[in-house]
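Enquirer: Below is one structure. I have some questions about it.
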Amino acid sequence: MWDDMDNSYPYEEGPHGTLGPGEPDPLMFGRQVPHAVIWYTELNRMQSLAVQISTGRRPGPVTVFRASDVKIAVSDPSAAPERSRIVRAPGSRLMGWLRFLLSPGWYRLRIAPTIADMHEEYYQELKTGHTCHARWIAIRGHLLVVKVLAKGVVEALKDLIF
Amino acid sequence: VGNPFASAKELLVLSLLRDEPQGMYGLEMVNASDGRLARGTVYVLLGRLEDKGYVHSRAAKKADHPGLPRPRYTLTAPGRRILEAAQMLGVSTARA
């Protein structure tokens, strides 16, 4: 199952169904043949990706796929968009660093929900085609994470002093 | 766990959760609080309340988008008791 906002080019389900071990790395495969076939397999959370497809220089509609989707193939490569861009979910790098730096409890209770909200709103905006607002949500989400961290430092200092 | 007493904002969160037995998302609480809770602080409050055992969060295994699933918060029995105790003592929950 996949969700698309762009019905301007034909597509069909891939012939192989779910990718298994030994089959091409989906991300690498997607990079090698970006316009003909886009494969997806179950990626971990850090690798959750949105695929933004646009035609020429003009930003086009954004297509968002679930990470578990494996069945996307453009049947007519000549009708495929000229340029594809694979984008990490916003906050992915930050999540990696914070998961490394913070305690698991602190990360799970305070940081992960903040980033989850950002993702929810970000992908809602992408689905409706509001890419500028989606970018703003990503920026605001990062600022909120910084605010949560600052609050946490203040909280920790209070606990230490009192 | 720190201070077992709940602050006014923590009591506000608990009272919001009491009215929604099926639970609420963090952003729903922000919207329902009429500006008393901020996006940047709601998860600090909820994290503290979960540390104290007053709320419980449960996230769906998968989100319906490529990002992280959002946790849904519900009130626990100790949370309900602390809220009732605060109301018996006349402590404001900062809720109109």
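The values are calculated or read from the model by the stated rules, or taken from the named source; none is laboratory data. Since this is a predicted model, take the numbers as computed values, not measurements. Note: ideal-geometry Cβ built from the backbone for every residue, glycine included; neighbour counts use all protein chains shown. These area figures cover heavy atoms from the full protein model, side chains too; ligands, DNA and RNA do not enter into them. Shrake-Rupley method; radii C 1.70, N 1.55, O 1.52, S 1.80 Å.
Enquirer: Quick test of your reading of the structure: A:Thr41 fulfils all but one of (1) outside any helix (DSSP H, G or I); (2) of a type in the set (S, T, N, Q); (3) modelled with pLDDT of 85 or more. Name the failing condition by number.
Expert: (3)
Enquirer: Working only within region B:10-34, note down all residues that are of a type outside the set (D, E, K, R), farther than 21 Å from A:His142 by Cα and open to solvent by 10 Å² or more (accessible area, probe 1.4 Å).
Expert: Of everything in region B:10-34, those that are of a type outside the set (D, E, K, R), farther than 21 Å from A:His142 by Cα and open to solvent by 10 Å² or more (accessible area, probe 1.4 Å) turn out to be B:Pro21, B:Gln22, B:Met24, B:Ala32.
Enquirer: May I ask you to list the residues in region B:59-78 that are at pLDDT 90 or above and over 14 Å from A:Asp117 (Cα atoms)?
Expert: If the condition is that a residue be at pLDDT 90 or above and over 14 Å from A:Asp117 (Cα atoms), then B:Thr74, B:Leu75, B:Thr76, B:Ala77, B:Pro78 are the ones that fit.
Enquirer: Here is a further query. Anything in region B:3-49 that is closer than 18 Å to A:Tyr107 by Cβ and either aliphatic (A, V, I, L, M) or out of contact with any Gly (no Cβ under 9 Å at 6 or more places or on another chain) (or both)? List them, or say none.
Expert: B:Gly26, B:Gly40, B:Thr41, B:Val42, B:Val44, B:Leu45, B:Leu46, B:Leu49, listed by residue number.
Enquirer: In addition: Would you call A:Ala116 touching a Phe, Trp or Tyr at 6+ places or on another chain (Cβ under 7 Å), under 16 Å from A:Pro90 (Cβ atoms) and open to solvent by less than 80 Å² (accessible area, probe 1.4 Å)?
Expert: Details: touching a Phe, Trp or Tyr at 6+ places or on another chain (Cβ under 7 Å): no; under 16 Å from A:Pro90 (Cβ atoms): yes; open to solvent by less than 80 Å² (accessible area, probe 1.4 Å): yes.
The answer is no for A:Ala116.
Enquirer: Scan region A:86-127 residue by residue and report those that are in a helix (DSSP H, G or I) and among the basic types (Lys, Arg). Give the steps one after another, and end with the answer.
Expert: First, pick out the residues of region A:86-127 that are in a helix (DSSP H, G or I): A:92-101, A:104-127.
Correct list: A:Arg93, A:Arg99, A:Arg108, A:Arg110, A:Lys127.
Enquirer: Between A:Pro61, A:Pro77, which is touching a Ser or Thr at 6+ places or on another chain (Cβ under 9 Å), modelled with pLDDT under 85 and more than 28 Å from B:Tyr73 (Cα to Cα)?
Expert: Working: A:Pro77 fails: touching a Ser or Thr at 6+ places or on another chain (Cβ under 9 Å).
None of the others qualify; the one that does is A:Pro61.
Enquirer: Right, another one. What pairs come out if I take residues in region B:22-44 that are over 21 Å from A:Gly152 (Cα atoms) and pair them with residues that are of a type in the set (Ser, Thr, Tyr) and at pLDDT 90 or above whose C-beta lies under 9 Å away, six or more apart or interchain?
Expert: B:Gln22/B:Thr74; B:Gly23/B:Ser57; B:Gly23/B:Tyr73; B:Gly23/B:Thr74; B:Met24/B:Tyr73; B:Met24/B:Thr74
Enquirer: Another one. Tell me the residue from A:Leu109, A:Leu160, A:Leu144, A:Leu126 that is more than 13 Å from B:Val44 (Cβ to Cβ) and over 18 Å from the mean Cα position of the chain (by Cα), please. Walk me through how you get there before you give the answer.
Expert: On the way: A:Leu109 fails: more than 13 Å from B:Val44 (Cβ to Cβ); A:Leu144 fails: more than 13 Å from B:Val44 (Cβ to Cβ); A:Leu126 fails: over 18 Å from the mean Cα position of the chain (by Cα).
Exactly one residue qualifies, and that residue is A:Leu160.
Enquirer: Right, another one. Search region B:35-58 for residues being surrounded by fewer than 21 Cβ atoms within 10 Å (Cβ to Cβ), of a type in the set (Lys, Arg) and more than 17 Å from A:Ile115 (Cα to Cα), and hand back the single one that is nearest to the other protein chains (Cβ to nearest Cβ).
Expert: B:Lys52
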